[in-house]
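The values are calculated or read from the model by the stated rules, or taken from the named source; none is laboratory data. None of these values were measured; they are calculated from a predicted model. Methodologically, a virtual Cβ is constructed for each residue, glycine included, from the backbone with ideal geometry; neighbour enumeration extends over all protein chains shown. The accessibility values were calculated without ligands, DNA or RNA, using every heavy atom of the protein model including side chains. Shrake-Rupley method; radii C 1.70, N 1.55, O 1.52, S 1.80 Å.
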Amino acid sequence: MTQDARFEDGAEAPLNLGAMDVDDLKVISSLVQDAVFPASEMRWERKAGRFALLLNRVRWEDGGKNRHAPERVQSVLMFKTVQGVASQDVPKGDADTILSLLSLDFDETTAPSGHLTLTLAGDGAIRLNVEAIEVTLKDVTRPYVAPSKKLPQHPE
């Protein structure tokens, strides 16, 4: 007897998502929660108005978690229309310092401009002054088993 293929058995394609408003940003924020990256993997291209991170994110969207260990994937998180960057408790350029991204939030100033805040574990934060929300999240490697073989734990 044969069995029809199920959606969860299909190949999982790499993510390539964009955010143009707060609702879209919430989706990307949930996908990059607990992503980790070396402090040296941040780039701000002032003239181009771009800020980017190369991060290792948990594949929260992975439908096969019951079949294999939790996975991570390297992704580029890109912000466009960036006019300024400020940070608090973020060591810039240190490849030995690993940062953990908790969330992305947007506070509108004069529509559609505002401050996009990347909140990091340990009270660190990066604030981007943006003309408008224009964010992309793109997976750039194949998924790999998370070194801990566990999902990140959160305090209750």
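Centre-to-centre, using Cα atoms only, segment 62-76 and segment 115-156 are separated by 16 Å. Measuring nothing but protein heavy atoms, the accessible surface of the chain at 1.4 Å probe radius is 51 percent carbon and sulfur. The angle between the Cα long axis of helix 22-32 and the main principal axis of the chain comes to about 60°, on a 0 to 90 degree scale. Computed from the C-beta positions of residue 67 and residue 119 and an R0 of 25 Å, the FRET efficiency is 0.20 to the nearest 0.05.
Using the Cβ-Cβ distance between residue 150 and residue 109 with R0 set to 25 Å, the FRET efficiency works out to roughly 0.05.
Probing with 1.4 Å while keeping every protein chain in the model, the per residue accessible area of segment 32-156 equals 55 Å².
So what's Rg/Rh here for segment 1-124, counting alpha carbon atoms and using the Kirkwood radius for Rh? With Rh from the inverse mean 1/r over Cα pairs, Rg/Rh is 1.05. With respect to the cross-link table entries 26/150; 65/92; 92/150; 47/149, which display a Cα-Cα separation exceeding 30 Å? Beyond 30 Å between Cα atoms: 65/92; 47/149.
Peptides 29-38, 108-117, 79-88 ranked from most to least packed give 29-38, 79-88, 108-117, packing being the mean of other C-beta atoms within 10 angstrom over each peptide's residues.
FRET efficiency for the pair residue 47 and residue 16, taken as 1/(1 + (r/R0)^6) with r the Cβ-Cβ distance and R0 = 22 Å, rounds to 0.30.
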